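Reading through the structure tokens given below for one structure.
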Amino acid sequence: MRKIYYLLIFIPFLLTSSVSDFNNPSDFYPILMERSVLEKSVFIKDVQEIIRPGKIYYKDNMIYLNELYKGIHVINNTNPAAPETIAFINIPGCIDIAIKNNSLLADNAIDLVSIDLSNGLQNISVTSRTRNVFPESTPPDLDYIPSAFSHSNRPENTIIIGWESLLF
């Protein structure tokens, strides 16, 4: 019985020690991707479930619905009574989109990419990438990146492409 008592007293010290050593003031942890992988990460995937929708863009009977930090759902809205999700454009770190002519502009984490839509969805291509246009995203509950996740405290050449909570 005495061993259990000492264990119960000792556990809080372990927990507070590990929390103070790590110093993450957020409930979220970054999802990291290497720069070389990020630059090859824009492509068409099969239809995905809508989980965290963001901004919506409408053009030529098509709805482009942002899935926060993941990419864009493409929905055929020719028949508004029965819209049909037809594809998903994988764009890690994406939170904003726009379309001009046949070019879809999106943030691919910290980069701005232009995607040519003129050859159909199955033949999309990144026509330009402007590196380091945007700052890295911050956790949803803070307006800064905690020092525990600064460039000097994570693997080299990695970029934050999103945040996830370990509480949910």
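Here are the numbers:
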| item | result |
| --- | --- |
| Options L68, L32; residue that is farther than 20 Å from V126 by Cβ and touching a Cys at 6+ places or on another chain (Cβ under 9 Å) | L68 |
| Filtered residues of segment 128-168 (kept if under 30 Å from S103 (Cβ atoms) and of a type in the set (G, A, S)) | S128, S137, G162 |
| Yes/no for I4 being more than 26 Å from S165 (Cβ to Cβ), outside any loop (DSSP other than H, G, I, E, B) and at pLDDT below 95 | yes |
| Matching strands (runs of 3 or more DSSP E) fully within segment 22-130 where at least 1 residues are surrounded by 12 or more Cβ atoms within 10 Å (Cβ to Cβ) and without any contact (Cβ under 8 Å) to a residue 60 or more places away in the chain | 53-59, 62-67, 71-76, 84-90, 97-100, 103-108, 111-116, 125-130 |
| Unique residue being without any contact (Cβ under 8 Å) to a residue 60 or more places away in the chain and not aromatic (F, W, Y) when the list is S150, S165 | S150 |
| Among (1) closer than 29 Å to P30 by Cβ; (2) of a type in the set (F, W, Y); (3) more than 12 Å from the chain's Cα centre (by Cα); (4) in a strand (DSSP E or B), the one test that F134 misses | (4) |
| Positions within segment 41-61 being over 20 Å from the mean Cα position of the chain (by Cα) and over 24 Å from D111 (Cβ atoms), in sequence order | Y58, D60, N61 |
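The values are calculated or read from the model by the stated rules, or taken from the named source; none is laboratory data. Given the structure is predicted, the values throughout are model-derived calculations rather than measurements. Neighbour counts are summed over all protein chains in view; Cβ atoms, including those assigned to glycine, are modelled from backbone coordinates with ideal geometry.
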